[in-house]
Amino acid sequence: MNRLAVDGFNEFDGQSVLITGGSGSFGRRFVETLLRRAKPRRVIVFSRDEFKQYEMQQQFGAKGDSRLRFFIGDVRDCERLELAMRDVDVCIHAAALKHVPAAEYNPMECIHTNVYGAENVVRAALRTGVRRVVALSTDKAANPINLYGASKLASDKIFIAANNLAGGRDVRFSVVRYGNVAGSRGSVVPLFQRLVAEGAERLPITDERMTRFWITLQQGVDFVASCVALMQGGEIFVPKIPSLRVVDLARAIAPRLPQELVGIRPGEKLHEVMVTEDDSRQTVELPDRYVIEPAFAFWTHEPYERLGARPVPDGFRYASDTNTDWLEGERLARLLAGAA
Ligand SMILES: NC(=O)c1ccc[n+]([C@@H]2O[C@H](COP(=O)([O-])OP(=O)(O)OC[C@H]3O[C@@H](n4cnc5c(N)ncnc54)[C@H](OP(=O)(O)O)[C@@H]3O)[C@@H](O)[C@H]2O)c1
């Protein structure tokens, strides 16, 4: 990814910050970076499972950081969210059910957390006057073919439309959309690494042609923080990140292991897209990101024009197979060494 134009962590000094899903892969790294790089007044981790929170408390030292709070709660419970959001300035919404097959098998569970949960975050933020809300989305929400992607698309729409409900108050909602996170729970990297450690004789490959966008956890965290600094309310921010071929990934993890084609799974795409042709009509480009602007009557292009943003060409599409930036060879090996 090109160097970020903005260090968003300056934005958090003196602020009270709540992270839904704060005990997940993204949340833990976000909280660790926030406490190290900024001087927030308070950092609240909001999630359901006490054990994950306990483990996180251990990770942050037995004595703990007095700014850090652990709030047990479910995004399905609006009242609980409202209690947690009192006196909060910034909310990062990372809580989600994100396992594609689990969402297909348990559709209403996925909808309750990802869609009604989004509605609850919006309601609670509006009621308590949280100034900035950034919701994490995924490339699977662009032209979705599985319920996880569709639920995140619905969530994106809920956050964007929420800007129409803010009235005269300085309460803004935006979305960050990115692709696979190297090394996150359930991703293909830990799967391949586990198979290698268990002495597998071959690595399963769904399709030789398959490509994915790829971002490190730290890049994702830094990108989200920079969006808090930039957001006007209503944008979908998309980072410029490299693509990789799944076969190259398998070869980089286990160069001598044969690969076995197992076929694409239901609900999986061969390639992912982050800016569709239809989105492109409302998309502007900055050195490190695309910004899909909302279709609000009151939207003004001025803040992004001031940053030098220019519209993308007609018919533009940002997809993992036509990307111009590829993770291969040494660069891929370096990424794998740092993915944790
Ligand atoms: N990982 C990726 O490759 C990737 C790529 C693109 C976008 N994203 C998005 O990034 C966000 C964070 O992903 P992640 O990788 O950090 O996921 P993760 O490791 O699975 O963490 C999910 C977090 O959400 C919490 N959570 C789940 N259901 C909840 C509920 N109903 N109420 C409150 N908290 C709940 C979980 O804790 P409890 O179970 O204890 O509640 C956990 O803290 C998600 O929105 C995901 O869609 C991820």
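Tell me yes or no: at least one residue of the stretch 122-135 is within 16 Å of Y178 (Cα to Cα) and crowded, with 18+ Cβ neighbours inside 10 Å. Within the stretch 122-135 (the criterion being within 16 Å of Y178 (Cα to Cα) and crowded, with 18+ Cβ neighbours inside 10 Å), the answer is yes, since at least one residue qualifies.
Evaluating M56 against the criteria (1) touching a strand residue (DSSP E or B) at 6+ places or on another chain (Cβ under 7 Å); (2) closer than 27 Å to L332 by Cα leaves one unmet condition, (2). Test G315 against the stated conditions and say whether it is at positive phi and touching a residue at least 12 places away in the same chain (Cβ under 8 Å). Spelling it out, G315 is indeed at positive phi and touching a residue at least 12 places away in the same chain (Cβ under 8 Å).
Just to be sure I understand, how many residues within the stretch 288-305 are part of a loop (DSSP other than H, G, I, E, B) and either among the β-branched types (V, I, T) or modelled with pLDDT under 95 (or both)? Even if it seems obvious, please write down each step before you answer.
Filtering the stretch 288-305 down to residues part of a loop (DSSP other than H, G, I, E, B) leaves 288, 293-301.
Checking the rest, the ones that are also either among the β-branched types (V, I, T) or modelled with pLDDT under 95 (or both) come to 295-301.
Residues in the stretch 288-305 being part of a loop (DSSP other than H, G, I, E, B) and either among the β-branched types (V, I, T) or modelled with pLDDT under 95 (or both): 7 in total.
Being at pLDDT 95 or above, among the aliphatic types (A, V, I, L, M) and under 18 Å from the mean Cα position of the chain (by Cα) holds for only one residue in A124, A141, and it is A141. If you go through the stretch 279-328 and keep only what is of a type in the set (S, T, Y) and within 23 Å of the chain's Cα centre (by Cα), you end up with S280, T283, Y290, Y304, Y318, S320, T322, T324.
Of the residues making up the stretch 204-213, none is assigned to a loop (DSSP other than H, G, I, E, B), within 30 Å of A162 (Cβ to Cβ) and under 25 Å from the mean Cα position of the chain (by Cα). Check whether at least one residue in the stretch 88-95 is within 9 Å of the ligand (Cβ to nearest atom), among the β-branched types (V, I, T), crowded, with 17+ Cβ neighbours inside 10 Å and in a loop (DSSP other than H, G, I, E, B), and report yes or no. The answer is no; no qualifying residue exists. Screening the stretch 139-170 for residues that are farther than 19 Å from V291 by Cβ, more than 16 Å from the ligand (Cβ to nearest atom) and free of Cβ contacts under 8 Å to residues at least 60 places away in the same chain and picking the one that is surrounded by the most Cβ atoms within 10 Å (Cβ to Cβ) gives L165. The C-beta contact set for the stretch 108-119 (first residue under 13 Å from G149 (Cβ atoms) and in contact (Cβ under 8 Å) with a residue 24 or more places away in the chain, second residue near the ligand (Cβ under 8 Å from one of its atoms) and small (G, A, S), distance under 7 angstrom, 6+ apart or interchain) comprises N114/A96. Scoring F30 on the criteria (1) within 16 Å of the ligand (Cβ to nearest atom); (2) in contact (Cβ under 8 Å) with a residue 40 or more places away in the chain; (3) touching an Asp or Glu at 6+ places or on another chain (Cβ under 8 Å) leaves a single failure, condition (3).
The residue that is farthest from the ligand (Cβ to nearest atom), counting only those in the stretch 15-27 that are in a strand (DSSP E or B) and buried (at least 23 other Cβ atoms within 10 Å of the Cβ), is V17.
The values are calculated or read from the model by the stated rules, or taken from the named source; none is laboratory data. Remember, it's a predicted structure, so these values are computed and weren't measured experimentally. Cβ sites come from the backbone with ideal geometry, for glycine too, and all protein chains shown count toward neighbours.
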